[in-house]
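Heads up, the thing below is written out as structure tokens.
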Amino acid sequence: MNKLKFFFTIVFTFMLLSNPVIAGGLADATTEVTEIQTWLYGISFIFCLIFMIYQIGMAMMDKQQWADVLTAFGKVAIAGGAVVGATWAWGIWGT
């Protein structure tokens, strides 16, 4: 057990001391996260748009009530708020 503690202590110390060495990849990581964020906005927009078109179509054909469409608007707002909240949190803690 002591060998395992020693090994993890050495690995952890190496990770702490090598931080300036591996910091050169930060710009690449930031670019990748920005691309993922843009992709996430696009995908969530497409899903929300299709969902709302389906809900409104169902209400127009009298297959469901318009109150369900209002509930769907609330769900879409929550989904958009989750993406915006993640972006806000990334702005605070990610940079």
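Below is a table of values for the structure above.
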read-out	value
Computed helical MRE - 222 nm, the chain, DSSP H runs ≥ 4 contributing -39500 (n - 2.57), nearest 500	-28500 deg cm²/dmol
Environment charge of ILE53, counting only residues whose C-beta is closer than 15 Å and scoring Lys/Arg +1, Asp/Glu -1	+1
Gain upon complete extension [ILE53, PHE73; 0.36 nm per residue less C-alpha separation]	6.1 nm
Kyte-Doolittle at least -1.0, axis length at least 24 Å by Cα - qualifying DSSP helices, the chain	26-60, 66-89
Label corresponding to P(r) over Cα pairs in 10 Å bins from 0, in percent when calculated from the structure given, among (1) 13, 25, 20, 17, 13, 8, 4, 0; (2) 15, 30, 22, 16, 10, 5, 2, 0; (3) 17, 49, 25, 8, 2	(1)
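Every number in this text was worked out from the coordinates using simple rules, so none of it is lab data. Fair warning: this is a prediction, and the values are worked out from it, not measured in the lab. Ideal geometry is used to build each Cβ from the backbone, glycine not excepted, and the neighbour counts take in all protein chains shown.
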